[in-house]
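Data block below; observations after.
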Amino acid sequence: MYHPSLPTAAWWAISIATTVAFLAYFVPLMETRRQKIKTALAPLEMMAIGAALTLVGYLGVNEVYPIYCAALLAILLMCVGRRKAVKTAFHGRGQGGAQQYGRPTAGMYVQMLLSTGVMVALAIWVS
């Protein structure tokens, strides 16, 4: 099975869509302004890492886009349907206090492993 060959313009559009989805999900969950800023800067940090890997010649430009998109989508898919648990986990951390919250359930671990595995496989296949 051959991987799809998408032009760079298509990868730009996909990258923008995944970034918007990531920000739309996570930024409203954050409690403090500082948490919101850190969350909003996460995709920018990932882009900087991708650009650095491209500049040193470790990855090509067309390989960075699928990896970036897959990483953001994996993080997003890990938390879909777990909005309350994610909000509870971050609640209280903005003031530096230790927040007591329950351990992740078996379903959370399965969701994390499946979303990560699927997105890594997809990134490898597309790049």
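Rule-based calculations on the coordinates, nothing more; no lab input. The model shown is predicted, which means the values in this text are computed figures rather than measured ones. Every residue, glycine among them, receives a Cβ derived from its backbone with ideal geometry; neighbour counts consider all protein chains shown.
For the chain, a simple Cβ point-charge model (Lys and Arg +1, Asp and Glu -1, everything else neutral) yields a dipole of about 680 debye relative to the Cα centre. Here the relative contact order of the chain, from alpha carbon pairs under 8 Å that lie six or more residues apart, stands at 34 percent.
Compared with the dominant Cα axis of the chain, that is its longest principal axis, helix 8-26 is turned about 0°.
Calculated from the structure at hand, Rg and Dmax of the Cα atoms in Å is found among [x] 16.3, 51; [y] 17.3, 58; [z] 15.3, 47 as [x]. Taking label positions 7 Å along the Cα-Cβ direction at both Lys38 and Ile124, the computed distance is 3.2 nm, reported to one decimal.
Normalising by residue count, the stretch 11-67 has a Cα convex hull of 67 Å³ per residue. Subtracting the Cα-Cα distance of Ala10 and Lys84 from their residue separation scaled by 0.36 nm leaves 23.3 nm.
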